[in-house]
Structure formats: structure tokens, C-alpha cells
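Presented below is the structure to which this report refers.
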Amino acid sequence: MVLRAVIFDLDQTLIDTLPRFYRVFKSLLNERGRDISWEDFLRDYAEDTLDKYIPPGEDRKSFWNEFLERYSDENCPDDKVIDGAREVLAKLKDMGVKIAVTTGRLTTVDKVEKELERFGLKEYVDLVWASNKKYEDEEELFSKERVLRDILKKLSVKPEECVVVGDYYPDVKSAKSLGAYAIGVLTGHMKEEQLREAGADEVIESVKDLFKAVERIFPSKAFRELSR
């Protein structure tokens, strides 16, 4: 089997926007008379237990829809490219591998492309998927199954020819449900066992280690030579 495409999650996979996440989440809580410290945020973000801060009686779906709308519009000077991301994208591009970037933010493709351009990543990306349509189904809030299916169709790539790279276990589950390979990255602070339990084929420290993981999934001599 040949690798033809890699689909990357955006936040905490290619770009470190965790301080932005905290600022938006804290702002929403403050508006509701609540607060959260950076230390508590980091702990509960990693454990995926931030829902406990949503006020009792408030609709979870509405809260996260509001968060995902603000997330893209927040301007945070602490945002930065994950170490090695630019070099990995450039090498994949040179190899002829199709590159897609997707995000669960409620935003537009144009806004994501401008952000990628600001960080010097846009030139390597063949397709950006984003939507500003609010999530009506709570199960779709963090699932990317439908999104990944659309991307595979647009790229004309079979699931088994594709690797999905993300920091969150729903990204992994979504990829595996479609028959694609999944690589989890630890730059999103999620524990390795959570990503593996979700079905990750490989778990790596960050995107800079992508080629080592892909070589284990696609152990062909041709790929190894191209990726050098």
C-alpha cells in the first residue's frame, strides 16, 4: 500500500494554540460568574474533563458552539508553530503526498488559510476544511468522521492510503472508523494510553517525528528513500 495523503488536525498538532484555548474558555466562564486557573485548566484539558466547569443547567452543545466560534476570532500572540511542522509539511510536499488540514473550530476556510499563511504553512497545503455551521448533533461536536469522509472524497484518496494526524482521541476514533491510519501526537497534552485506546496505530511526541511513525505503517523501501 502507498501513502497518498496526510490529513492534519490544526490546533495542538500543527500550531500550538493552547494559551488561546485557555483565554477563550476562561472568558466564557467569567461571563457566567466562574473562573479557572491555568494549572487547573491544563490538568482538566489533558484529562478531557473541562465539561465540569460548564454551569449546571446550561446546554453543553450551545456552550461549545460558542467557544468554537470565538476560538478562531481570538488573536493570541502566544500562538506558535509546533516544532518541526513546517519541515514535515515541506518534505511531504516534495514527496508528492497530498496534504489536508482540518479544524473543529467554527470558522471559514479563508480565515484558516490566512492563519496558515501567517505561520508560513499555507504553501504546503492542498486542501483546508472548515465550516462556520454550528453543530446541531452533540456527537458531532468533536467527531471528525463526516469531515474526514468529505476530505478523502475531495482528494480522491482511499482511507487505507491516508494517515490522519491529531492530538485528540476523537480524531483517532474518526480516522479508524473510516479505515484510515491514525497517528496521535502528544503536543495536545493527552495521555498516550488514551490515544492508543482510541485505536492509534502510532503515538509520537510531536509532528516532527511523523516520518518514523509513517515508515512503520508503510514499510516500503521506496517510502524510506523518499523520506530521507
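Ser206's amide H: which non-local residues (gap 5+, or another chain) put their own amide H closer than 5 Å, with H modeled 1.01 Å from N in plane and none for Pro or chain starts?
Leu186
Tell me, what HN-Hα J-couplings in whole Hz come from the Karplus equation 6.51 cos²θ - 1.76 cosθ + 1.60 at θ = phi - 60° for each residue of the range 44-54, using x for Gly and Pro?
6, 5, 5, 8, 6, 10, 5, 4, 5, 8, 5
So, for the chain, what is the accessible surface per residue at a probe of 1.4 Å, expressed in square angstrom?
On a per-residue basis, 47 Å².
Only sites in a loop by DSSP and with at most 16 other Cβ atoms within 10 Å count here; which chymotrypsin sites (Phe, Trp or Tyr not before Pro) in the range 74-169 make the cut?
Working: sites: Phe119, Tyr124, Trp129, Tyr135, Phe142, Tyr168; in loops: Phe119, Tyr135, Phe142, Tyr168.
Those satisfying the criteria are Phe119.
Whose amide H sits under 5 Å from the amide H of Trp129, counting only residues 5 or more places off or on another chain, with H placed in the peptide plane?
Amide H to amide H, under 5 Å and 5 or more residues apart or across chains, Trp129 pairs with Val101, Thr102, Thr103.
Taking the highest mean first, how do the peptides 88-97, 175-184 order by number of other beta carbon atoms within 10 angstrom per residue? The partial results should precede the final answer.
On the way: 88-97: 17.5, 175-184: 22.4.
Highest to lowest by the protection proxy: 175-184, 88-97.
Antiparallel as a % of all DSSP beta bridges within the chain, to the nearest 5?
10 percent
Tabulate in residue order the Karplus-calculated ³J(HN,Hα) for the range 98-113, using 6.51 cos²θ - 1.76 cosθ + 1.60 with θ = phi - 60°, rounded to whole Hz; enter x for Gly and Pro.
Per residue, the Karplus-derived 3J(HN,Hα) values read 6, 10, 10, 10, 10, 9, x, 4, 8, 7, 10, 4, 4, 5, 5, 4 Hz.
Relative contact order, percent, of the range 124-179 when contacts are C-alpha pairs under 8 Å separated by at least 6 residues?
37 percent
How much length would be gained if the chain were fully extended between Asp110 and Asp94, taking 0.36 nm per residue of separation minus their Cα-Cα distance, in nm to one decimal?
The Asp110-Asp94 span can extend by a further 3.3 nm.
Can you pull the accessible area of Ile204 for me, 1.4 Å probe, Å² to the nearest 10?
Rounded to the nearest 10, the figure is 10 Å².
Taking every pair of alpha-carbon atoms in the chain, give the share separated by more than 24 Å as a whole percent.
Taking all Cα-Cα pairs of the chain, the fraction more than 24 Å apart is 42 percent.
Within the accessible area of the range 84-228, what % is carbon and sulfur when the probe is 1.4 Å and the other protein chains stay in place? Walk me through the numbers on the way to the answer.
Values: 3180 of 7040 Å².
Carbon and sulfur atoms account for 45 percent of the accessible area of the range 84-228.
Please calculate the 1.4 Å probe accessible area of Thr49, with all protein chains present, and give it to the nearest 10 Å².
That residue has around 50 Å² of solvent-accessible surface.
If I ignore ligands, DNA and RNA and count only protein heavy atoms, how much of Tyr22 is accessible to a 1.4 Å probe, in Å² to the nearest 10?
40 Å²
Output the relative contact order of the chain, whole-number percent, from Cα pairs under 8 angstrom with separation of 6+ residues. Don't skip to the answer; put the middle values down first.
Numbers: 368 pairs, mean separation 57.5, N = 228.
Rounded, it is 25 percent for the chain.
The values are calculated or read from the model by the stated rules, or taken from the named source; none is laboratory data. Values in this document were obtained by computation on a predicted structure and should not be read as measured data. Glycine gets a Cβ as well: all are built from the backbone with ideal geometry, and neighbour counts include every protein chain shown. Heads up: the accessible areas ignore ligands, DNA and RNA and are worked out on the full protein's heavy atoms, side chains in. Shrake-Rupley method; radii C 1.70, N 1.55, O 1.52, S 1.80 Å.
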